[in-house]
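Just below is one structure, and these are the notes that go with it.
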Amino acid sequence: MHRFLISAAHKSSGKTTLSLGLAAALRGRGLAVQTFKKGPDYIDPIWLGLAGGRPCRNLDFYMQQHDELVDAFARHGANADVALVEGNKGLYDGLDLAGSNSNAALARLLDLPVVLVLDARGMTRGIAPLILGYQAFDRNIRIAGVILNRLGGTRHEAKLRAVIEHYTDVPVLGAVLDNPELGIVERHLGLMPANEAATAGARIATIADTISDQVDIDRLLQATATDEVLRPRASAAGASQAQPALRLGIARDPAFGFYYADDLDALQQAGAELVFFSPIADARLPKVDALFLGGGFPECFMCELEANTAMREDVRRAIEAGMPAYAECGGLMYLARSLSWRDEKHAMAGVIAADVLMHDKPVGRGYVRLAPTADHPWLPAGSHPDEIPAHEFHYSSLEHLDPATRFAYAVKRGHGADGRHDGIVHKNLLASYTHLRSAGNCNWAERFIGFARQCRFRHSRESGNPQLLETTPGSPLARG
């Protein structure tokens with residue numbers, strides 16, 4: 001097996017492009033490639049999942065315990081030939097002085113060699129002390145090799161190779177010439193998601209071809225080989241598996257695509273049948289028992305979302321009729337009355353009594369901590385005393401929010417909906433700017449599905465027919 005962590009001296013060094021190219025190139029050799037992404041990120045994992053041919057998994061110190069990180073890496077990497085972890089920021093960058101959540105800390109925890117990507121623009125002899133410093137800073141980190149990126153040409157490459165060979169013992173695994181065509185379009189939250197890019201597959205193939213030509217793949221595999229077997233913990237099947245599946249409608253299309261693969265797994269393990277639908281393209285809601293509207297870029301598809309009046313009305317009627325629903329960030333924006341961006345204003349679903357306004361700079365960005373309130377629909381008072389670690393990244397704010405709004409969370413760190421609260425509660429809907437992760441002390445997937453089952457049972461009992469969710473033929477809940 002081969003496993004390694006790709007990091008850099010600093011962010012924006014091109015490590016995502018190199019990670020994509022390596023994952024696709026290794027997969028092209030017939031190897032089973034499992035990709036991982038460090039930190040809270042939805043967009044890079046979509047691209048990495050496409051390149052590797054299987055869902056990318058996130059590894060996050062803030063929202064996962066150390067044993068969870070080790071187990072997740074073992075569980076998903078055990079059946080792969082290559083386990084590739086893409087870091088975030090620089091190798092030693094972190095939230096605290098000790099670097100306890102840095103890429104280096106993850107490499108130590110998972111016993112991974114590091115492939116260091118160096119943006120070498122404008123560098124010659126100075127690259128040697130940079131590499132030596134990264135080696136000396138933490139002797140427990142094994143730098144298996146460097147990949148020189150964004151080189152000015154073959155002469156530049158030759159100079160750098162000579163310097164590195166003379167002053168260090170670190171092998172040069174590759175030298176990638178500066179090529180604007182390898183870039184991926186960016187927007188306000190980072191890279192354009194691959195679920196929006198019609199040419200994503202072709203773009204990845206182009207990057208893979210370049211990386212195959214300019215990186216010594218054989219030497220990379222040799223430097224990252226290991227005989228150590230990954231041993232995941234044995235997992236017990238959930239008790240909910242014996243119950244009938246609950247059909248969970250999940251919004252997924254170019255406007256909505258921010259879902260953690262592990263959260264989707266957790267929803268299924270809790271007994272949910274995942275039913276994907278498009279608020280842009282589908283005429284009606286599918287027949288479902290509950291809704292999950294994740295994050296994404298609804299602002300980029302305001303016209304299309306507004307034009308689908310039948311879907312907006314279906315969603316509004318279903319939630320108003322009591323259908324359990326959970327929405328995060330982009331999903332919250334879709335459920336508001338309107339969405340305004342760049343001097344345009346478009347009608348949304350109208351479930352939440354507020355209007356959404358986009359800004360040029362982030363309103364809420366980074367890790368958050370939430371304390372559940374008594375209004376939280378899934379958490380009975382006193383059942384969850386711990387603060388919940390989560391994250392947010394939104395450029396929008398809520399305007400004209402109803403003063404009588406009930407909130408599920410008090411924000412202890414972060415911004416949320418208004419700087420102090422998050423998690424708007426309306427009927428059986430919980431909608432927040434915060435993104436949860438079903439990990440650590442936050443088993444939101446199991447709690448939400450359990451809540452949805454209780455709502456379905458209560459609704460069925462009141463209708464006099466315990467076998468059906470629907471109340472009357474033709475109602476929003478009854479349409480297929």
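Readers should treat all values here as calculations from the given coordinates under stated rules, not as data from a laboratory. Values in this document were obtained by computation on a predicted structure and should not be read as measured data. Using ideal geometry, Cβ is built from the backbone for each residue, glycine included, and neighbour counts are taken over all protein chains shown.
Net charge dipole, the chain: roughly 300 debye, given to the nearest 20, about the Cα centre with Cβ charges of +1 for Lys and Arg and -1 for Asp and Glu. Judged by the mean number of other Cβ atoms found within 10 Å, the most tightly packed of the peptides 154-165, 271-282 leads the ranking 271-282, 154-165. Shown for LEU22, LEU335: other C-beta atoms within 10 Å of each C-beta, ranked fewest to most, produce the order LEU335, LEU22. Of all DSSP-defined beta bridges confined to the chain, some 40% are antiparallel rather than parallel. Name the shape class, rounded, prolate or oblate, that the alpha-carbon gyration tensor gives for segment 1-84, where a ≥ b ≥ c are the square roots of its eigenvalues, rounded holds for a/c under 1.5, and otherwise prolate holds if a/b is larger than b/c and oblate otherwise. Oblate. Of all lysines in the structure, the ones whose alpha carbon falls short of 30 Å from that of LYS287, not counting any fewer than 8 places away in one chain, are LYS427.
Using the average count of surrounding beta-carbon atoms within 10 Å as a protection proxy, the listed peptides 139-152, 49-62 rank, highest first, as 49-62, 139-152.
To make sure I understand, if each residue's beta carbon is the centre and we count other beta carbons within 10 Å, what order do THR124, THR210 fall in, fewest to most?
The most exposed by this proxy come first: THR124, THR210.
Decide, for segment 304-394, between rounded, prolate and oblate: order the square roots of the alpha carbon gyration tensor eigenvalues as a ≥ b ≥ c, take rounded if a/c falls under 1.5, and otherwise choose prolate if a/b is larger than b/c, else oblate. Judged from the Cα gyration tensor, segment 304-394 comes out oblate (a/c at least 1.5, b/c at or above a/b).
Once you sort the root eigenvalues of the Cα gyration tensor of segment 43-196 as a ≥ b ≥ c, which label holds: rounded (a/c under 1.5), prolate (a/b larger than b/c) or oblate (the other case)? Note, shape of segment 43-196 comes out oblate. Ordering of 211-218, 175-182, 389-396 by packing is 389-396, 211-218, 175-182, highest average first (other Cβ atoms within 10 Å, averaged per residue).
If you plug the beta carbon distance of GLU181 and ARG121 into 1/(1 + (r/R0)^6) with R0 = 22 Å, you get a FRET efficiency near 0.85.
Dividing the summed -39500 (n - 2.57) terms of all DSSP H runs of n ≥ 4 by the residue count of the chain sets its mean residue ellipticity at 222 nm at -9000 deg cm²/dmol. Considering only the Cα atoms of the chain, their convex hull presents on average a projected area of 23.4 nm². Taking 12 Å as the straight-line reach from the Cα of LYS38, the aspartates and glutamates in range (excluding those fewer than 8 positions away in the same chain) are ASP60, GLU86. Counted over segment 243-463, the DSSP beta bridges are approximately 60% antiparallel. Structural descriptor for segment 243-463: relative contact order 19 percent, calculated from alpha carbon pairs under 8 angstrom and at least 6 residues apart.
Based on DSSP, what percent of beta bridges with both residues in segment 2-223 are antiparallel, to the nearest 5? If we restrict to bridges inside segment 2-223, about 10 percent are antiparallel.
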